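FYI, it's all coordinate maths here, none of it is from the lab. This is a predicted model, so every value here is computed, not measured. Positions of Cβ are backbone-derived with ideal geometry, glycine not excepted, and every protein chain shown enters the neighbour counts.
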């Protein structure tokens, strides 16, 4: 009987190919900048946003980063590590034992129970990756908008400051404008740094993870369906899986994700 080709390996979620292979310091740099944005007082933020409307969105990104984006990122790393550890230490060895003992066809219920934790974790990974995508999309597009707008804003404010009639008698106004220009310029420098980092934020990798974990969930569901409908040939189905290689790969992914979660 033909069965769907099932691959239980990490595929595109391989060690060295996930966003967790990037230095955790890169993610911390983004978090540190957004923390400084979040700490800016309301009056200063309002003044900047009056000149740069997208700054208000950046403030929202900063609040979201600490409230959900960064926690979701760490949770995703933790769940990936949990899945990899469970697969390499529990699922693969027990499936191999069932194959070796020619017991698979007689242990459908046990196999179903063995698969369920993996399926639950895979679904959590897919959900967390999906939640990260819009946050990172908004952050990236907002940084781009601000970076493109800042030179024109600074040029306009500079022109105003040097073109005020009777500036000598309006030192207070000139000073306030100069301070405003300084604040914008400081943010330009900060945003430039952030944008350089944010340009490397692996949004594409997070989107790939979202799709990959959907695929992993589908493969686990297909295996469970085969277990339920192909009991007579289940040993053959399981024997067709390269569990030793998959287990080794998932062990590497688990270690990488755990190291990231500890450092970021």
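Things worth noting here:
- Estimated FRET transfer efficiency (residue 96, residue 262; beta-carbon r; R0 25 Å; 0.05): 0.25
- Each residue, residue 56 and residue 29, gets one label point 7 Å from its Cα in the Cβ direction; the gap between the two is 3.1 nm.
- Ranked by the mean number of other Cβ atoms within 10 Å of their residues, highest first, the peptides 40-50, 212-222, 72-82 come out as 72-82, 212-222, 40-50.
- Gain on full stretching of the segment that runs from residue 67 to residue 36 - 0.36 nm per residue minus C-alpha separation: 9.7 nm
- FRET efficiency, residue 255 to residue 127 (Cβ-Cβ, R0 30 Å, nearest 0.05): 0.85
- The range 48-71 and the range 118-138 have Cα centres lying 21 Å from one another.
- Annotation: the residues 260, 33, sorted from fewest to most other C-beta atoms within 10 Å of their own C-beta, follow the order 33, 260.
- Distance between the 7 Å Cα→Cβ label points at residue 44 and residue 222: 5.5 nm.
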